[in-house]
Every structure is written in C-alpha cells, then in structure tokens.
Amino acid sequence: MMLPCFGWMAGLLMKCFSDFLRVSVAALVLGGFAQAGVAAPEAAASGFYPIPEPEDHLVGGLVTTTAAEEDTLVLIGRRYRTGYGAIRAANPGVDAWLPGEGTQVLLPTWHILPEAPRQGIVINTAEMRLYHYEPAVAEQPARVGVYAISIGRGGRETPLATARVTRKAQNPTWYPTETIRKDRAERGTPVAAVVPPGPDNPLGTRALYLNLPAYLIHGTNRELGIGMPVTAGCVRMYPEDVEYLYEQVPVGSQVEIVYQPVKAGWMGNTLYVESHNPLGDLPITVDERVQQLRAAIARTLGERRDFTVDWSKVRVAAEASTGLPVPVGPIWLEHHRPDKSNDSDAVGE
C-alpha cells in the first residue's frame with residue numbers, strides 16, 4: 001500500500017500513512033465487533049445504551065452513513081449528534097470539508113465506558129463526551145446516555161473534579177466574569193456585564209450550575225462548535241441534548257470530570273482499548289500513549305494472569321488514535337506454564 005507513495009511529496013506520504021492506519025484500525029475494529037457476536041443496535045446513533053454488567057465496559061455499536069454532495073464532517077456530526085473532533089478522528093482518511101458524495105463515514109457510536117463510578121454524570125474531557133447514567137424507571141431499564149460536548153480551550157481548561165449540580169435554570173441569564181469580558185474585549189468581541197436570555201446568549205436554553213464557581217453545563221447558540229475545545233471552561237451541549245438532560249438530572253447529582261485519553265475494557269472475554277486524540281494535537285508521543293495504554297490494560301486485567309495481549313495491536317491503536325474500541329486480546333494460554341516464577345509474559349511484550 002505504501003509503494004505508490006514513493007517519489008511523491010511529503011504531504012502525500014502522510015496521507016498514505018494515514019490511510020494505512022485507517023485501514024488497519026478499521027479492520028481491527030470491524031473484526032472485533034464481528035467477533036463479539038452482536039449486531040449494531042438500530043438506535044446506536046441516538047446515544048442511549050443499556051448499561052452492561054459490572055464486568056463489561058462497552059456500549060453502543062458501529063454505524064456508518066453515506067455522505068451527500070454538500071456534506072462536511074461538521075454537518076454529519078451535527079446531524080447525528082456527535083462532535084466534530086470525534087467524527088474526524090474516526091475517519092482520518094476522509095476529507096473533513098469535502099468527504100465526497102457516496103463516501104462511507106463511520107459514526108463514533110461505540111465506546112468503552114470511562115473508568116469512574118457508573119452514576120450521575122461522568123465527563124471525559126479527553127474524548128469530549130458526557131456520560132449520564134439513568135436509573136431504571138417503569139418499563140425502561142437502566143441505561144447510559146452518551147453526549148458530545150465542547151470543553152475549555154487552552155489556558156481555560158475545564159477543571160478535573162468531583163462536583164455536584166447545585167441548581168438548574170431554564171433560559172438562563174449569563175453573567176460573564178471579568179476575565180471573560182476582558183478576554184472577549186481583547187479579541188474584538190466585547191460582551192455586556194449581563195446577557196439576557198435569547199439568541200445571543202451563549203448558555204442556550206438550559207444551564208446546570210455546579211459547585212465549581214463559574215463552571216456550568218449548558219446549551220449553546222453555536223452548535224457547530226460541539227466537539228472542539230472552544231469554551232472558557234464550561235461544558236457545552238447540543239440544545240436538544242441539554243434540554244433532555246435538564247429534565248433527567250436532579251439537583252444534587254454527582255458530576256465526575258476526568259481526563260482519560262486512553263481506556264481499556266472488557267466485552268465478554270475480549271479485551272478492548274481506546275486511544276483518543278480528537279483533533280490530533282495532544283502533547284504526548286505515541287510511546288507515551290502506549291505506556292498509558294499499558295497501565296490501563298494492567299488495571300483492567302487485574303488478576304487474570306492467564307491472559308496475553310497483542311501489543312502490536314495496542315501500538316496500532318495508539319498510533320491511529322481513532323477513539324474507537326480496538327480488540328487487543330485474548331491470546332489465551334492453552335496450558336498453564338510449569339514455571340510460573342515469571343508472569344511478565346501475561347501482560348508483556
């Protein structure tokens with residue numbers, strides 16, 4: 001696959017390498033999903049999934065859509081309520097601004113749940129997603145809603161913390177902090193000290209206030225920015241998503257904000273990993289990402305010492321960082337080794 005690239009300029013070399021990784025990871029992902037023996041749920045793009053058993057960690061399924069002539073990845077992401085960063089990462093070989101009519105676009109609707117308690121709201125800033133665990137009600141079993149979000153930009157990062165929802169507001173009034181007003185003025189977009197509800201209010205129609213001063217979960221009047229680190233630290237959601245969440249989340253609910261650029265988890269006896277670098281700008285090397293995956297895998301394996309990992313697949317997942325689950329095991333040992341003095345092979349190279 002690399003042969004046609006020789007003699008071409010560096011940009012084409014990079015494109016060929018990107019396509020190679022995309023094919024490699026796509027094959028691993030699709031193969032892993034087929035191996036799991038389950039079909040993609042019809043409503044996978046809706047963002048609601050049954051909560052798996054405690055020993056399992058994956059939700060959702062693979063879904064593709066066909067791009068129209070006028071489509072961009074931003075528009076497709078908005079249509080299916082996924083963020084731009086996630087859909088771009090899942091389709092590295094697709095032109096973000098001109099996918100082309102008939103192009104198959106993979107929707108990032110298959111997830112390893114974050115390493116956090118399965119209750120309330122869990123926000124993973126590294127993947128720009130919010131997970132909300134809904135308890136069972138009436139005839140509806142417990143489920144988890146997965147939502148695309150925007151987070152704080154560089155220098156105004158969304159804080160990592162365990163917080164609680166202290167109050168909620170419909171059609172909230174925005175009181176920008178002095179820091180925000182100064183920053184907006186310097187960028188040539190000054191803002192008033194009080195912004196009433198309406199189309200110019202960046203909080204949108206709903207806001208959930210946290211016991212973190214000046215940080216909220218809220219809607220937006222700039223929907224196409226979802227899935228990017230563009231806020232002053234707050235968490236933004238699509239209007240219809242935050243309006244639904246508003247009704248489901250009572251005051252006092254826990255909000256766990258974590259940063260997990262890599263995840264590992266089980267589906268049955270198959271081990272999966274996820275590596276996230278949504279916009280391709282995380283300041284870590286592939287080797288560092290592999291080490292993060294090793295640590296996540298070790299935590300997930302626990303006491304399973306008769307399990308081996310395909311580390312070549314782990315590295316491919318780290319290099320591509322599509323944000324999609326990639327199967328990396330099992331390589332089951334058919335017989336226990338007589339000499340168990342060195343167990344490093346179970347999780348080693």
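Of note, GLY265 satisfies the criterion of being under 21 Å from the mean Cα position of the chain (by Cα), surrounded by 14 or more Cβ atoms within 10 Å (Cβ to Cβ) and more than 30 Å from GLY198 (Cβ to Cβ).
In region 155-167, of all residues being within 20 Å of the chain's Cα centre (by Cα) and aliphatic (A, V, I, L, M), the one that is least open to solvent (accessible area, probe 1.4 Å) corresponds to ALA161.
If you go through region 168-185 and keep only what is over 26 Å from TYR259 (Cβ atoms), open to solvent by 70 Å² or more (accessible area, probe 1.4 Å) and either touching a residue at least 12 places away in the same chain (Cβ under 8 Å) or polar (S, T, N, Q) (or both), you end up with GLN170, ASN171, TYR175, ARG181. Strands (runs of 3 or more DSSP E) fully within region 38-132 that include at least 3 residues being in contact (Cβ under 8 Å) with a residue 40 or more places away in the chain and crowded, with 18+ Cβ neighbours inside 10 Å: 58-60, 104-107, 110-112, 121-124.
Return the residues of region 195-252 that are hydroxyl-bearing (Ser, Thr, Tyr) and open to solvent by 20 Å² or more (accessible area, probe 1.4 Å); say none if nothing qualifies. Residues satisfying the conditions are THR205, TYR209, TYR215, TYR244, TYR246. Could you list, in sequence order, all residues of region 279-318 that are open to solvent by 70 Å² or more (accessible area, probe 1.4 Å) and within 18 Å of the chain's Cα centre (by Cα)? If the condition is that a residue be open to solvent by 70 Å² or more (accessible area, probe 1.4 Å) and within 18 Å of the chain's Cα centre (by Cα), then ASP281, PRO283 are the ones that fit.
The values are calculated or read from the model by the stated rules, or taken from the named source; none is laboratory data. These figures come from a predicted structure and were not determined experimentally. As a convention, Cβ positions derive from the backbone with ideal geometry for all residues, glycine included, and neighbour counts pool all protein chains shown. Just the protein is used for accessible areas: all its heavy atoms, side chains included, with ligands, DNA and RNA removed. Shrake-Rupley method; radii C 1.70, N 1.55, O 1.52, S 1.80 Å.
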